[in-house]
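Reviewing the structure listed below.
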Amino acid sequence: MNPAQTILLVEDTRSDAMLYAALLKRAQHASRRVDFAPTLGAALQMLATSPYDAVLLDLGLPDCRGLEGVERIVGRYPGVPVIVLTGNDEAGIGDQAIAAGAQDYLRKAEARADTLERSLRYASVRQRNENEERESRQELRALFDRNPAPVFVYDEHTLALLAVNEAALEFYGYSREAMLALSALDVRAPEEHDAFIDELRAAPGDRRDPRDCRHVTADGRALSVQVHTDRIRFQGRDCRIAIVLDVTAQREAQQRLAESEQRYRAVFEQSLGCFCTHDLDGVLIALNPAAAAALGRDAAEMIGHRLSEYLPSGAQQPFAEYLARIRAHGEDRGLITPLHRSGAPRTWIYHNRLFRAAGQPPIVLAYAQDITEQRRTEQALRARTAEMAAINDAAPLGLFHTDVAGMCTYVNRTFERLSGLDGAQALGHGWAAAVHPDDRERVHAEWVKAAGSEEGRYSGEHRFLHADGRVVTVQVRAARVTVDGAHTGFVGTVQDITREREAQAATRRGQRRLATLADALPLLLMFLDRNGRVEFANRGWLEELQRPATQIVGSPLVELIREPATPYFVEGIYRALEGEQHEVELEDPHGAVLRTWHAVFIPQHDHRGRVDGVHVMLRDVTLERARQRELADRADRDPLTGLLNRSGFDIRAQRCWQAAAAAQQPVAAFFVDLDDFKAVNDDLGHAVGDALLVDVAAALDEALRDDDLLARMGGDEFAVVAVQVADDAAAGRVAAKLIEAVSAVTARYATSSGGQASCSVGYHVADPARIQLSAALKRADEALYIAKRAGKRCASPWPGGARV
C-alpha cells in the first residue's frame, strides 16, 4: 500500500513538531509533505481547505481538553485517519482514543521513524476499511429507504417488525413508531394468518418465490399484493426482508376480464347481429337466436345441418370455395345470400375467422349482418349520388380561397375567365374591382355578415363587369374552413349562369330537389382518427349532440355518445379499425320519442392499405321501422273486423303452438260458424251483414282471454286457439261462452220473418307436442260439421277424444 504522502501534524510544542516532521521525512519518503498546526482550530481550518492523507494529533493542545480534538476532527472528516500522539501514560488512554474515533495512538516516548511509519500504514488500512464499510452501509440504507416499493424486515421467530422504509409507511398508512409496534401477522389479512404461519414453517431455503396474498392497511383496506422475501441477518437476529408489490389493480383487471368474457357470451345470445360457429365441412355447431330468426327458423332445428342447406342451389359451389379459402387463409369476408323460410333470399355481409383451441378440432367463428334493406337503400342512394356527381362534373366552376381576413390567396383559370382578371389582379381585395359597381356594396355587406355568422357560409349572386363592357352573372358559394377547430379561411366556387337563364327555373328546381333530398336524408356523417377521436362532424351531428364543433372535434366519440348506445359505438369503431365495415341498428330512448338509428362504421384506408380512420354514418329509421310494423300488421289483419286474417292467424298460432309444446301445456282449437247468416244478408242487406260480422267479432274477442288467439278465416267463419284448456269439459265451457256472446249480438239483427242468426262451434283439445296445429284445426273443423248437423246454436268436440 502507498504510504500517506500528505500529513497534518497538530502539535503546540514547536520542537516536538520539528522532531516528528523530521522522522516522517526520511530519505525514502523525501516527497512526503508535512504541514504543521499549533491548535485544534488551525487544524480544522486547514482540513477545510486542503486534503490530507492522515492527521497526527497531540492531546495536549491549548484550545481543547482530553479527547475533544479527536471527536471534533472525526466528526467533521470521518474519512481521514487520526493517530493520537500523547505523552500521557495513563492506563486506558489509548482505548479511549480508539473509542473516540482515532485509528491508532502512539506515546511520544515511543515515536521513532519505523513506529510512526507502521502506525500510519495500519491507520490508513483501518480507515479505508471503515470508509468502505460506512459507504456500504449508506448504500444499503439508501436502497432500503429510497426503494419505491414497500420494504420491511421482521424477526423470523417472533415476527416483530424491525425496520420499515418510507414507501411501506405510505403504503400501509402508519407512522414509523406505530408500524414498528406491529408484527408481520398484523399486516396480513386475518383469514390468511394460518396460511402465513404454514408458509414460514414450510420454507426450505433462504429465498422464497413471490407469493400472492392480502395485506391490510391502517384504515382497514384489504389490498392484493405480491411479496418477495429472503432470509437475512439483521441486528444479530435471523430475519426476513419482504419487498411488497401492489397488484390490486392487476387482479381487479383479471376479474374484469372474466366478467367481460361472461358479458361477451351474453352478447352472443342476445345480440341483434347474426353469430354462429361451424366446422370445416360447414356443419352448424351453434348459432344465436338473432341468426335463426333472421331466416324465419328456430336455432335448435338448424344445429347439426350444413349451412349449404339454407343457400340457393346456385350458391353451393361458391360455398365450397368459401370453405377452401377459410381453410387456407384462416379468415374470409364477403357476401352470402341465405334463404328465408319463406324462400325469399336475404343478403348478409360476413367476416369469419378460423379458431384453433389446443387439443380441439378447428372451428369457424362467423359473424354476419343482414344488409338486405341496406342494399336496396344504397342502390337508390347511389343513383341519386351519381345524378349529383354528374351535375357537378358537368358544371364549369371557378374556385377561390381566402385567408381568415377575407384576402384572396388563390383563384383558378375559370375564375379568371369569369371575372375578366388574371390571377395576380384577383389576389387580395383585387377581385372586388371586377364586381359590377351596382353590386359591390351589397356583396361586401353579405360577405361581412357571412364571415361573422356562426355558420360561416356564403351564398349569393352578383355580376362581373369586364373591361370590354361584357357582363357575366355568377353564382358564388363559399364555406369556412376549420382545421383542428381553428378557422383558417374560406373556400368557394363561382358558377357562370349567364347563358343558363332559359334553363334557370329548371336548374333551380333541380337544385331545390337535390337540396331537399339531402336535407331530408336522416344522415349524420362523422370521421374519426385511428384513436377514435373526432376529426370531422357534419351539421346533423352538431344538432344531434347539441354541442358546437369546438367541443366535438378532438374528443373521443365514445365520450360524446349517451347510454345505452355506447356499447354499439365501441363495437362499431373497434371492428372498423380492424378493417371491417360494421352496421347495427340501435334505439335511442332519450327525448319524448323513442328513435331507431341505423349506424354504419366504415374503415378508411391510407395509401398503404392500413386503416387510419373510421367513417361513421347514422340514419334515423324510426318512421321506416314504424311503417314496416304498420304494413306488417295490416297484412295480418282482416280489413272488416280488425281481427287476424288467415295468414296472420297461421303465424301467431304456430308460435303459440310451439310455446305450449315447450311448456307441456294443452291447447284447444275452435271453429265458429254463424248459422243463418245468409238470411241476414238476403233479408237485411250485405251492409247489415257486415255490421253483424263486426259486432260478432267484437263479442267473441270480449268473451276470450287476452292470451287466446281469434281470427276471421273468411266469410262468417272464425277460428280460436286457447291455451291452458285442460280437457273437453273446459273447452265446452269456452264454446258455450262463445255461443252466448254471439247470441247476444245477433238478437239485434232479427230478420223480417222474426228469425235471427246464431253460431255453431266445433273444438278439439290437443297435446301440441304430439300433433301439429294444422291437424288440430282440421279436427275442430270436423267437429264443427258435427255441431252443424246436430242443429243450430250448439257445440261439439272432436269425437276421436281429447289431447290425441
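Remarks
- Residue among Glu563, Glu543 that is surrounded by fewer than 16 Cβ atoms within 10 Å (Cβ to Cβ), more than 16 Å from the chain's Cα centre (by Cα) and in the same structural domain as Val621 (by TED's automatic domain parsing): Glu543
Quick grid of which residues meet (1) among the β-branched types (Val, Ile, Thr); (2) outside any helix (DSSP H, G or I); (3) at pLDDT 85 or above:
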| position | (1), (2), (3) |
| --- | --- |
| Arg512 | no, no, no |
| Phe536 | no, yes, yes |
| Thr550 | yes, no, yes |
| Tyr568 | no, no, yes |
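- Filter result (assigned to a loop (DSSP other than H, G, I, E, B) and not hydroxyl-bearing (Ser, Thr, Tyr)) within the range 638-686: Asp638, Pro639, Leu640, Gly642, Leu643, Asn645, Gln664, Gln665, Pro666, Asp676, Gly685
- Among residues of the range 296-322 that are assigned by TED's automatic domain parsing to the domain that holds Thr337 and loosely packed, with under 14 Cβ neighbours inside 10 Å, those with a Cβ under 6 angstrom from a residue that is of a type in the set (Gly, Ala, Ser) and in a helix (DSSP H, G or I), sequence gap 6+ or separate chain, pair up as Asp298/Ala292; Gln316/Ser308.
- Being basic (Lys, Arg) and free of Cβ contacts under 8 Å to residues at least 24 places away in the same chain is true of Arg325.
- Set side by side, the residues Arg327, Arg356, Arg333 differ, and just one is of a type in the set (Lys, Arg) and modelled with pLDDT under 90, which is Arg356.
- Test: Ala368 is at pLDDT below 90, under 28 Å from the mean Cα position of the chain (by Cα), closer than 14 Å to Cys276 by Cβ and not in a helix (DSSP H, G or I): yes
- Applying the criterion of at least 3 residues that are assigned by TED's automatic domain parsing to the domain that holds Phe671, β-branched (Val, Ile, Thr) and within 60 Å of the chain's Cα centre (by Cα) to the strands (runs of 3 or more DSSP E) found wholly in the range 687-791 leaves 717-723.
- Identity of the residue in the range 102-136, in a helix (DSSP H, G or I) and more than 24 Å from Leu67 (Cβ to Cβ), that ends up modelled with the highest pLDDT: Glu117
- Set Gly456, Gly430, Gly485: member being under 18 Å from Ala405 (Cα atoms) and either of a type in the set (Ser, Thr, Tyr) or touching a residue at least 40 places away in the same chain (Cβ under 8 Å) (or both): Gly485
- Filtered residue count, the range 596-633, keeping only those that are in contact with a helix residue (DSSP H, G or I) (Cβ under 9 Å, 6 or more places away or on another chain), part of a strand (DSSP E or B) and farther than 18 Å from Asn538 by Cβ: 3
Matching residues to (1) touching a residue at least 24 places away in the same chain (Cβ under 8 Å); (2) in contact with a Gly (Cβ under 7 Å, 6 or more places away or on another chain); (3) surrounded by fewer than 15 Cβ atoms within 10 Å (Cβ to Cβ):
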{"residue": "Asp636", "(1), (2), (3)": "no, yes, no"}
{"residue": "Gly648", "(1), (2), (3)": "yes, no, no"}
{"residue": "Arg655", "(1), (2), (3)": "no, no, yes"}
{"residue": "Gln665", "(1), (2), (3)": "yes, no, no"}
{"residue": "Ala669", "(1), (2), (3)": "yes, no, no"}
{"residue": "Val672", "(1), (2), (3)": "yes, no, no"}
{"residue": "Val680", "(1), (2), (3)": "yes, yes, no"}
{"residue": "His686", "(1), (2), (3)": "no, no, yes"}
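- Residues of the range 307-342 satisfying the condition of being part of a helix (DSSP H, G or I), under 18 Å from Ala290 (Cα atoms) and within 32 Å of the chain's Cα centre (by Cα): none
The values are calculated or read from the model by the stated rules, or taken from the named source; none is laboratory data. This one's a predicted model, so the numbers in the text were calculated from it and none came from an experiment. Note that we place each Cβ from the backbone using ideal geometry, even for glycine, and neighbour counts take in every protein chain shown.
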